[in-house]
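Notes to accompany the following structure.
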Amino acid sequence: MSDTSSEIIVFGSLNADMVFSVPTLPRPGETILCPSYALFPGGKGANQAVAAARGGARVRMVGRIGRDGFGETLMASLNAAGVDTISVEAVDTPTGCAAIVVNESGENQIAVAAGANLRASADQVGDTELSPSVTVLLQMEVDPEQNWALAGRARNAGARVLLNAAPAGPVPESALRMLDFLIVNEIEAVMVAKAAGLSPADHRDAARALRDRFGTAVVVTLGGNGALAILDDAEWAIGCLPIKPVDTTAAGDSFVGNFALAVASEMPVRDALQWASVAGGLACLRPGAQPSLPTAAEIASRLAELPVARGHSRLENDVVHERDRP
């Protein structure tokens, strides 16, 4: 898939990921030994930029790295994936770093040191670079105030604005109203809703309440149960590929980057869910974050294994029939 008429600007984090493969995840106070570790390029922003670029999108990464070896590694990975890195700036603060512990079932625990990511600035994106043909993708691993500043300018310029509220944190009501899509997992959906003064019973209730109060479409990723989208006029649900995960570290970022690609390409939301769900599943089949992200050809080759999203029209309150598979 590709769309040369639109650009995705990813404003977010770049981290060096140190991955430790262990038999079991450590409990509080427990030390687990493993023979070695692997170093991979990561960071939610960079991961999502690479995911969209491998899916065929025209992507520009905006953020900051340190003047160190980790930063050089991250830049090399972005460039190799075809991501435009002209807006990634080096500063005199160490590059962000994450320690990721992965067990034999592919489950993980992650600790992140923000480093240079906290110096990323909305001013790195000029007003002339924002337009209706641009999709801006944000996450929560940079200074949130910079996110909201860029989201407001992007909205005023007519650009699409997507926020992946991960790691979970409060999102101001003013920022929620700027979004075209809020993308969260089950826990994040409830946390964002509660921080906004809502009282949801569960993730679906949270998504509906956020849509009704702030007018943003909400996509909730459900891990092995797929994902759902709550829109103004419809609700859609999608399953996931039947796979045995090796490492789930970048599954969410693969989903988000590819969902942004699909939205930027004017794909209907139910089809975007299918594309993104397949991308998220495929990212679980290889270790590491960016090395695991699938190409457009890999995603397309597995689409037929996953039925398109099904749902109902909110306005008409009736079932929307599944269309034929391509």
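The values are calculated or read from the model by the stated rules, or taken from the named source; none is laboratory data. Everything numeric in this text was worked out from a predicted model, so none of it was measured. All Cβ positions, even for glycine, are placed from backbone atoms using ideal geometry, and neighbour counts span all protein chains on display.
Points to keep in mind about this one:
- None of S174, S199 is modelled with pLDDT under 95 and more than 18 Å from the chain's Cα centre (by Cα) except S199.
- Identity of the residue in the range 239-264, touching a residue at least 60 places away in the same chain (Cβ under 8 Å), among the β-branched types (V, I, T) and over 17 Å from L182 (Cβ atoms), that ends up surrounded by the most Cβ atoms within 10 Å (Cβ to Cβ): T249
- Criterion applied to V308, V269, V320, V263 was being at pLDDT 95 or above and farther than 19 Å from K244 by Cα, and the one residue passing it is V263.
- In the range 292-315, the residue that is surrounded by the most Cβ atoms within 10 Å (Cβ to Cβ) out of those that are within 18 Å of the chain's Cα centre (by Cα) and not in a helix (DSSP H, G or I) is L293.
- Check on D253, within 14 Å of K44 (Cα to Cα) and among the charged types (D, E, K, R): yes
- Meets criteria (surrounded by fewer than 19 Cβ atoms within 10 Å (Cβ to Cβ), part of a loop (DSSP other than H, G, I, E, B), in contact with a Cys (Cβ under 9 Å, 6 or more places away or on another chain) and at pLDDT below 95) for G169: no
- Within the range 75-126, the set of residues being touching a residue at least 40 places away in the same chain (Cβ under 8 Å), more than 22 Å from P167 (Cα to Cα) and of a type in the set (D, E) comprises E104 only.
- Boolean, A189 is modelled with pLDDT under 95, within 29 Å of A111 (Cα to Cα) and of a type in the set (A, V, I, L, M, F, W, C): no
- Residue match in the range 143-162 (condition: surrounded by 24 or more Cβ atoms within 10 Å (Cβ to Cβ), under 20 Å from the mean Cα position of the chain (by Cα) and closer than 22 Å to A283 by Cα): yes
- The set of residues in the range 268-291 being surrounded by fewer than 20 Cβ atoms within 10 Å (Cβ to Cβ) and touching a residue at least 60 places away in the same chain (Cβ under 8 Å) consists of P287, P291.
- L118 vs. criteria surrounded by 20 or more Cβ atoms within 10 Å (Cβ to Cβ), at pLDDT 95 or above and not hydroxyl-bearing (S, T, Y): no
- Matching residues, the range 26-74, being among the aliphatic types (A, V, I, L, M), modelled with pLDDT under 95 and within 15 Å of the chain's Cα centre (by Cα): none
- For the range 178-196, filtered to residues that are within 26 Å of R153 (Cβ to Cβ) and more than 19 Å from the chain's Cα centre (by Cα), the residue that is surrounded by the fewest Cβ atoms within 10 Å (Cβ to Cβ) is A195.
- Scanning the range 201-230 for residues that are surrounded by fewer than 19 Cβ atoms within 10 Å (Cβ to Cβ) and part of a loop (DSSP other than H, G, I, E, B) yields A201, D202, G215, L222.
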